[in-house]
1. Filter region 30-53 down to the residues that are polar (S, T, N, Q) and outside any strand (DSSP E or B), then identify the one that is nearest to Val170 (Cα to Cα).
2. Mind listing whichever residues of region 211-236 are farther than 16 Å from His186 by Cβ and touching a residue at least 40 places away in the same chain (Cβ under 8 Å)?
3. Just to be sure I understand, how many residues within region 237-246 are touching a Ser or Thr at 6+ places or on another chain (Cβ under 6 Å) and farther than 19 Å from Phe191 by Cα?
4. Pick out, from region 180-292, the strands (runs of 3 or more DSSP E) lying fully within it that include 3 or more residues that are modelled with pLDDT under 85 and over 28 Å from Ser119 (Cβ atoms).
5. Tally up the residues in region 54-78 that are assigned to a strand (DSSP E or B) and surrounded by fewer than 21 Cβ atoms within 10 Å (Cβ to Cβ), please.
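The values are calculated or read from the model by the stated rules, or taken from the named source; none is laboratory data. Only a predicted model underlies this, so the values are computations on that prediction, with no experimental measurement involved. We place every Cβ from the backbone using ideal geometry, glycine too, and count neighbours over all the protein chains shown.
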Amino acid sequence: MKGICTALFILSGFFTFAQLETVPHQFWNNFSHFNPSLAGLTDQQRGGLMYQGNWGNQHSYFGFYNLALKNNPGTGVNMNHSLGFNSQTSEVSVPISYDWNFKGRHHIAFGVAPSFRNSVSTGLIYDTTQTGTIYTTGVDSPASRNHLQSHAGVTYKHGPLHLGAGVRNVPIASAGDVGTEPWKPHYYGHFTVDLSVGSKSSSETKHTLALSALYTYVDGFNRVDLNARAQWENGLNVFLGSRVREGWTVGAGWDIRQKLRCLYSVSWSRSKLSNGSNVQHGISLVYHVSKR
């Protein structure tokens, strides 16, 4: 198992794109990206790789490894990389959390995550004035900009219920020659609950219905992501998601021995904010050990 964790840690790659960060449709696999207080809060160990893209000119890669330490702290690493039409972005952040347990099953967790991000313009210039077709009119020299930022969050946990809020991209310092503004702060609210089906106690769970919601606000823009995932005792996963007023996601996968989750999803988007194809594919490989 340690070998699997190490491999996932080394291979990790995680994504942000433009000022509005893309949210993977399988977002429940790593909430610590949006809220660092969740690092180590739900599992003793959790690591994974995720991909989302249209298999054309837009690719998003996600990777993470979180773990719970002794005496209630949690930590880990989140990394991301994106490739767009004429830019690419890479980020690494280190979530640090503390789980305050009071009155038995009640928990309040706090977390922060220092972050380093590099944004690169490839130098390609695009023009859309001719019949709406994108074509290259010239090439400038590539330009790069570095951002030092911080993320923070708080989560309330009671049994299978998680309710929290977080903020990403709080600017600390920027340097380079791409643009003049740092990445804008992103505000998140999230809700998750895992409902046991077909058993009288969580320790004897046969089937699970997991409900998740993620609210995003940035610079006047609002977005809501919803997911419902059913998991059977044999490890089969089936899920349905919706980006409200934008599109739908359907997917399926398998939990191998209840530890290694493999998932595939396809999403249809109606949003004009989407670049290129309105169909995106998602692939996840997530390793998780011992729910807390």
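1. The selected residue is Asn35.
2. Result: Ser212, Asn227, Arg229.
3. Within region 237-246, residues that are touching a Ser or Thr at 6+ places or on another chain (Cβ under 6 Å) and farther than 19 Å from Phe191 by Cα number 1.
4. 279-291
5. 6
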